[in-house]
Amino acid sequence: MSSAQGIKPIQTVAVIGAGVMGAGIAAQAANGGARVILLDIPAADTSPGDTAEARNAIAAGARERMLKAGSRGALMDVSVAERIQVGNIDDDLDMLAEADWIIEVVVERLDIKQDLYRRIEQVRAADAVVSSNTSTIPLETLMEGMPATLREHFVVTHFFNPPRHMRLLELVSSDETRPEVAERVDAFIDHCMGKTVIRCNDRPGFIANRLGVYWMQVALQEAITLDLSVEDADAVMQVCGFPKTGIFGLWDLVGIDLMPEVTASLSRLLPETDSFQAYASPVSVINGMVKNSWFGRKGRVLQGFYRQRLDDEGHKIREVLDLDRLSYRAPQASQLASAQLKPGQLGELMQVDDKGGRYARQVLIKVLDYASRLVPDVAAEISAVDAAMRLGYNWRYGPFELMDRIGMPALEKQMHVSEAGLSPFMQQAAGRHCYQEGQQLDEQGVYQPHQPAAGIIEWHKVCQQAPVRTFAQSVLHELDEDTWCLAFTSRVNALSNQLLDEIETALAAAISRNKALIFYSDSGIFAAGADLKEFLQLSEQETGLDTYMRRGQQLFAAIRNADIPVVAAVAGKALGGGVELMFHCHGVQIHAESSLGLVESSVGIVPGWCGCKELLARTQERFGSDVAVEKTFALIANAQITGSAIEARERGFLRETDGISMNRDRVLSDAVTLARRLRSVDDRTRFNSLPALSAGSPQLNGEENSYQYELEEQLLQLLNAAVTPGWYDTFGDLERECNLLLLQNPASRQRMEHLLATGKVLNN
């Protein structure tokens, strides 16, 4: 567990409220390495003196649901649950004395929250931070009548649901909050919970919900006014760079029943003169849907603006709501010219004279005007508003970035046409860009420096600099005077012969210049393994595949033996050969949400670039020689893909020395730090002398006489070769021979062809 230097670390986190949000926050704190205390009210029908198991049933039930969901749920690995201790607020409130940070996540009622704060104040440590997850009650209101000692240590920490995956955290402090208190919780949330922390003022809805709810209401009501269909409106909103769900799909996701409550809550808190009020009234379409219990997406049920149901034969059917008739029909692709544009083509969209173009202009004019009026009242910087909307509502561009893409003069022209007056911010902008050369406009129309948080390398700025060299499938960048980065740039970063050539060239150049070399991709896919099309073509040549596999093994060995530090910076998926490339680097820095898997069996072969060998070495190091073969067999035969880097470490893909970055934005910077540290390591050999392993005899999963059964037999025979002393040095030859034998069976080729044709795995 890491934190910023010079700040007292947070080691124990207490969460009060074990509902969906509270449990999710508790899980993410535990994912980040903290000890967690999760409390809720005592279970109903229990009394003081009953067993702790009975009294703690609510919090314990939340932890059990986390375990049941596994690494695809709130926990990055089930082992993380061991850090979560449960209790109840009546019997176990004194446990809060051990907490460095206490988070309140209870029902949105002021009286209940304030009563809880008074109880917390009696037991908390003197320097413990206390926060609320509220987004509807102002901090000032929460602290009315509270003692000064609490007000000095109190902030609002507004997480978004689900807390594991939503990267935005809105942090609100008051004039009375000690600066070191906000800094302390900011550092932990950033480094250990992986969030982008946005500082905002104590205003209703803060940034994201204030603007996001307004946008959702404007987009809904303008679509109804212009008589647009659900499909047309959603298609046009996607062109604007709004979420792929479209506006109606997002209403379904948030909840048709929940949105009116959120809107009404904000409306009550905002002044009558606020532009929000014009779109805060109930909408007849929404009223009708709520009356029919059409609430959108609730668990596995989808019935809102879109509906998914089964026909008489059990096939899934997707339908869409007719807004006039309030009945469902088959969906129709939008035929509007405006809907055919690509996401981000804002200049073109503003010129299209069809119903969709008029709709886009109406929505954008109102939403961008409203956003411009939030600065500096809600947030001091426009970059904070942009980040909040990108991370909190999944906009491709924040509102001020949208202004720049449209062009301020064009936007002002449209506002004059619609008779909308310019906001003070837009008047001060005077037709200029909101962002310019690393600077951002403030409310006075003055460009101010725009600096990322300390320790973050902004990739778009790296790409703006002249590269060391540009290849066909990668680009070599300089990160600092000692470090280069080879960024993979193809669609899925398949390790084709071309990319292998580029890796080899970059490695040789880095060695000649004594530069540390980092492999990276910003696309969400680090590397997806071998190029299957190329692999099939090579299989038609007599020695094509043998040469290809030898070539990969030799290149990866050169990486391992390089006298410069070589680091894999993984942010996203690494599959097959991508994992093998990672294995051969001297260091690994990986985002916590990355997925790893040696998935070659799904295309009919086994890892052939020493992946079997390297995974055996890792499982032996982690689990011992007696079970390494069986652990490795299970991971490869079943093509298991981990749900997180923490799970990957628990399974054996990662070593304890490999670095895990909770914050996606810090992966590259952390990789540079790792490369510098490796400079001082004399021997970067990954493993000490490895003893022979014990033979494994796992049960084969494939049906007898199937190709899967044959593959598993060959894989087990290969892995059991590690019983021979010195196996590590010769294992690459055995992997290659195993694959050449498997490829003699046409069924292996059928798997590859089927995956290329359908995107699905063939279980033959």
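The values are calculated or read from the model by the stated rules, or taken from the named source; none is laboratory data. All values reported here derive from a predicted model rather than from experimental measurement. Neighbour counts run over all protein chains shown; Cβ positions are idealised from the backbone, glycine included.
Within the stretch 72-92, the only residue that satisfies the criterion of being assigned to a helix (DSSP H, G or I) and crowded, with 21+ Cβ neighbours inside 10 Å is Val80. The one condition from (1) at positive phi; (2) crowded, with 24+ Cβ neighbours inside 10 Å; (3) not basic (Lys, Arg) that Leu211 does not meet is (1). Within the stretch 263-282, identify whether any single residue is acidic (Asp, Glu) and surrounded by 21 or more Cβ atoms within 10 Å (Cβ to Cβ), and answer yes or no. No.
If you check Val80, Val86, which single one turns out to be closer than 11 Å to Ala27 by Cα and either touching a residue at least 24 places away in the same chain (Cβ under 8 Å) or among the polar types (S, T, N, Q) (or both)?
Working: Val86 fails: closer than 11 Å to Ala27 by Cα.
Of Val80, Val86, the one residue that is closer than 11 Å to Ala27 by Cα and either touching a residue at least 24 places away in the same chain (Cβ under 8 Å) or among the polar types (S, T, N, Q) (or both) is Val80.
Residue by residue through the stretch 515-539, note down the ones that are in a strand (DSSP E or B) and at pLDDT below 95. Once the filter is applied, which keeps residues that are in a strand (DSSP E or B) and at pLDDT below 95, the stretch 515-539 yields only Ala530. Selection of the stretch 593-640 for residues being of a type in the set (Gly, Ala, Ser), outside any loop (DSSP other than H, G, I, E, B) and out of contact with any strand residue (DSSP E or B) (no Cβ under 6 Å at 6 or more places or on another chain) yields Ser601, Ser602, Gly611, Ala617, Ala628, Ala634, Ala637. Candidates Ser79, Ser131: the one that is polar (S, T, N, Q), closer than 21 Å to Gly33 by Cα and out of contact with any Leu (no Cβ under 9 Å at 6 or more places or on another chain) is Ser79. Only a single criterion out of (1) at positive phi; (2) in contact with an Asp or Glu (Cβ under 7 Å, 6 or more places away or on another chain) is not satisfied by Gly438, namely (2). For the criterion of being closer than 21 Å to Leu507 by Cα and touching a residue at least 24 places away in the same chain (Cβ under 8 Å), Leu479 passes. Among the conditions (1) under 31 Å from the mean Cα position of the chain (by Cα); (2) more than 19 Å from Glu703 (Cα to Cα), the only one that Val761 does not satisfy is (2). Pairs linking a residue in the stretch 49-72 that is over 21 Å from Thr642 (Cα atoms) to a residue that is among the acidic types (Asp, Glu) and surrounded by fewer than 20 Cβ atoms within 10 Å (Cβ to Cβ), with Cβ atoms under 7 Å and 6 or more positions apart or on different chains, are Arg55/Asp91.
Residue count for the stretch 423-447, restricted to those that are without any contact (Cβ under 8 Å) to a residue 12 or more places away in the chain and in a loop (DSSP other than H, G, I, E, B): 2.
Of the conditions (1) of a type in the set (S, T, N, Q); (2) surrounded by fewer than 19 Cβ atoms within 10 Å (Cβ to Cβ); (3) in contact with a Gly (Cβ under 8 Å, 6 or more places away or on another chain), Asn56 fails just one. Which one is it? It is condition (2) that Asn56 fails. For first residues located in the stretch 276-296 and touching a residue at least 12 places away in the same chain (Cβ under 8 Å), partners that are among the acidic types (Asp, Glu) and outside any loop (DSSP other than H, G, I, E, B) and lie 6+ apart or on another chain with Cβ distances below 8 Å form the pairs Gly296/Asp252.
Would you mind stating whether Leu150 is touching a helix residue (DSSP H, G or I) at 6+ places or on another chain (Cβ under 6 Å), surrounded by fewer than 19 Cβ atoms within 10 Å (Cβ to Cβ) and either of a type in the set (S, T, N, Q) or in a helix (DSSP H, G or I) (or both)? Show your work before the answer.
Values: touching a helix residue (DSSP H, G or I) at 6+ places or on another chain (Cβ under 6 Å): yes; surrounded by fewer than 19 Cβ atoms within 10 Å (Cβ to Cβ): yes; either of a type in the set (S, T, N, Q) or in a helix (DSSP H, G or I) (or both): yes.
Yes; evaluated as a whole, the condition is true for this residue.
Of all residues in the stretch 501-537 being within 28 Å of the chain's Cα centre (by Cα), among the β-branched types (Val, Ile, Thr) and over 26 Å from Leu740 (Cβ atoms), which is surrounded by the most Cβ atoms within 10 Å (Cβ to Cβ)? Result: Ile518.
Can Glu542 be described as of a type in the set (Asp, Glu) and either modelled with pLDDT of 95 or more or assigned to a loop (DSSP other than H, G, I, E, B) (or both)?
On the way: of a type in the set (Asp, Glu): yes; either modelled with pLDDT of 95 or more or assigned to a loop (DSSP other than H, G, I, E, B) (or both): yes.
Yes, satisfied.
Of the listed requirements (1) at pLDDT 95 or above; (2) touching a Ser or Thr at 6+ places or on another chain (Cβ under 9 Å), Glu108 misses just one: (1).
Scan the stretch 119-173 for residues that are among the aromatic types (Phe, Trp, Tyr) and closer than 27 Å to Asp77 by Cβ and jot them down. Passing the criteria: Phe159, Phe160. Return yes when Ala219 is in contact (Cβ under 8 Å) with a residue 60 or more places away in the chain, more than 28 Å from Ile89 (Cα to Cα), part of a helix (DSSP H, G or I) and among the small types (Gly, Ala, Ser) and no when it is not. In short, yes.
Taking the condition assigned by TED's automatic domain parsing to the domain that holds Arg405, surrounded by 16 or more Cβ atoms within 10 Å (Cβ to Cβ) and modelled with pLDDT under 95, does Arg318 pass? For Arg318, the condition - assigned by TED's automatic domain parsing to the domain that holds Arg405, surrounded by 16 or more Cβ atoms within 10 Å (Cβ to Cβ) and modelled with pLDDT under 95 - is not met.
Considering Gln464, Gln451, Gln473, Gln498, the condition of being more than 24 Å from the chain's Cα centre (by Cα) and loosely packed, with under 15 Cβ neighbours inside 10 Å is satisfied by Gln464 alone.
Would it be correct to say that Leu555 is modelled with pLDDT of 95 or more, surrounded by fewer than 23 Cβ atoms within 10 Å (Cβ to Cβ) and either in a loop (DSSP other than H, G, I, E, B) or of a type outside the set (Asp, Glu) (or both)?
Details: modelled with pLDDT of 95 or more: yes; surrounded by fewer than 23 Cβ atoms within 10 Å (Cβ to Cβ): yes; either in a loop (DSSP other than H, G, I, E, B) or of a type outside the set (Asp, Glu) (or both): yes.
Spelling it out, Leu555 is indeed modelled with pLDDT of 95 or more, surrounded by fewer than 23 Cβ atoms within 10 Å (Cβ to Cβ) and either in a loop (DSSP other than H, G, I, E, B) or of a type outside the set (Asp, Glu) (or both).
Only one of the numbered conditions (1) surrounded by fewer than 21 Cβ atoms within 10 Å (Cβ to Cβ); (2) touching a Gly at 6+ places or on another chain (Cβ under 8 Å); (3) in a helix (DSSP H, G or I) is not met by Pro243, and that is (3).
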